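Structure record follows, encoded as structure tokens.
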Amino acid sequence: ESMDAATIGSAVHYALEIVFEQKLNAVVDQAFLESKTRDKNLIEGLIREHLAKRFDQESLSSGKNLLLFKVCIKLTEEFLKHQLYNLQQLNDSGEDMRIEMLEGKIEHTILMNNKVIKIAGRVDRIESVGGIIQIADYKTSRKSIIPILTEETWDTLTTDPKYAKSVQLLVYAWLYNRMRGVYVPVRSGIYWLRE
């Protein structure tokens, strides 16, 4: 059996969740990120651990699966390096980054036509960067153009698939504010891990 795109994505998500869970509700500092970017065994071990649920050691040791295993490691390592670079930029401007949630479920119920409807989502990451809440979704696929939501596009949101990621991020921001119970400015976006 060979790996598919969803397997690659879930392996990278898992590794990033485990790496950053130590900094949940804490400031992410440069020393932490530097140690994680240098620890090649950590990343490889986390990716291997996740993939072991579906693939035996032999199937990850050659051919396409070995290449895709290495891609998972590379995507994770490059993201951590990028995070370190971003953190250095933030620190230079006197700001910091705090991780609020990793792979967390956010939900809210509404009453519509006398029926209770639950709206929920699983957010890859919520962070506070320079005091601004950022809701981030990791994507291991190729970067695509995400159209801007405007009043003119509102009517096509439910019928045109090109707006799916935009709507997902919009719903996450809405759910976050409902979960908090008070409105706070939210910035949402995608970490394109191949970029």
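The values are calculated or read from the model by the stated rules, or taken from the named source; none is laboratory data. Keep in mind the model is a prediction, meaning the values are calculated, not measured. Methodologically, a virtual Cβ is constructed for each residue, glycine included, from the backbone with ideal geometry; neighbour enumeration extends over all protein chains shown. The protein model used for the area step is the full one, side chains on, heavy atoms only, and it has no ligands, DNA or RNA in it. Shrake-Rupley method; radii C 1.70, N 1.55, O 1.52, S 1.80 Å.
Does at least one position in the stretch 75-83 carry a residue that is open to solvent by less than 40 Å² (accessible area, probe 1.4 Å) and without any contact (Cβ under 8 Å) to a residue 24 or more places away in the chain?
No; the residues of the stretch 75-83 include none that is open to solvent by less than 40 Å² (accessible area, probe 1.4 Å) and without any contact (Cβ under 8 Å) to a residue 24 or more places away in the chain.
Scan the stretch 151-195 for residues that are under 23 Å from residue 120 (Cα atoms), surrounded by 11 or more Cβ atoms within 10 Å (Cβ to Cβ) and acidic (Asp, Glu) and report the count.
Number satisfying all stated conditions: 1.
Just to be sure, is residue 90 part of a helix (DSSP H, G or I), at pLDDT 95 or above and open to solvent by less than 30 Å² (accessible area, probe 1.4 Å)?
no
For the stretch 4-18, check the following and say yes or no: at least one residue is assigned to a loop (DSSP other than H, G, I, E, B), at pLDDT below 90 and either surrounded by 11 or more Cβ atoms within 10 Å (Cβ to Cβ) or not β-branched (Val, Ile, Thr) (or both).
Yes.
Against the conditions (1) open to solvent by less than 50 Å² (accessible area, probe 1.4 Å); (2) under 16 Å from the mean Cα position of the chain (by Cα); (3) closer than 18 Å to residue 129 by Cβ, where does residue 24 fall short? Just the number, please.
Of the numbered conditions (1) open to solvent by less than 50 Å² (accessible area, probe 1.4 Å); (2) under 16 Å from the mean Cα position of the chain (by Cα); (3) closer than 18 Å to residue 129 by Cβ, the odd one out for residue 24 is (1).
Anything in the stretch 43-64 that is part of a helix (DSSP H, G or I) and either open to solvent by less than 60 Å² (accessible area, probe 1.4 Å) or over 21 Å from residue 138 (Cβ atoms) (or both)? List them, or say none.
43, 45, 46, 47, 50, 51, 58, 59, 60, 63, 64
Just to be sure I understand the filter: pairs with C-beta atoms under 8 Å, separated by 6 or more residues or on different chains, first member in the stretch 131-150 and in contact (Cβ under 8 Å) with a residue 40 or more places away in the chain and exposed (fewer than 14 other Cβ atoms within 10 Å of the Cβ), second member assigned to a loop (DSSP other than H, G, I, E, B) and hydroxyl-bearing (Ser, Thr, Tyr). Which pairs pass?
none
Show the residue pairs that are 6+ apart or on different chains and have beta-carbon atoms under 8 Å apart, the first residue being within the stretch 171-195 and under 27 Å from residue 145 (Cα atoms), the second being open to solvent by 70 Å² or more (accessible area, probe 1.4 Å) and among the aliphatic types (A, V, I, L, M).
188/170
Among the residues that make up the stretch 111-130, is at least one of them open to solvent by less than 90 Å² (accessible area, probe 1.4 Å) and at pLDDT below 90?
For the stretch 111-130, residues open to solvent by less than 90 Å² (accessible area, probe 1.4 Å) and at pLDDT below 90: present.
Is it the case, given these coordinates, that residue 74 is in a loop (DSSP other than H, G, I, E, B) and within 17 Å of the chain's Cα centre (by Cα)?
Taking the combined requirement at face value, the residue does not satisfy it.
With the condition kept exactly as written, say whether any residue in the stretch 28-42 is exposed (fewer than 13 other Cβ atoms within 10 Å of the Cβ) and charged (D, E, K, R).
Looking through the stretch 28-42, at least one residue is exposed (fewer than 13 other Cβ atoms within 10 Å of the Cβ) and charged (D, E, K, R).
So the check is Cβ under 7 Å with 6+ separation or different chains; which pairs have a first residue in the stretch 19-39 that's more than 9 Å from residue 80 (Cβ to Cβ) and a second one that's among the charged types (D, E, K, R) and assigned to a helix (DSSP H, G or I)?
Hits for this filter: 32/23.
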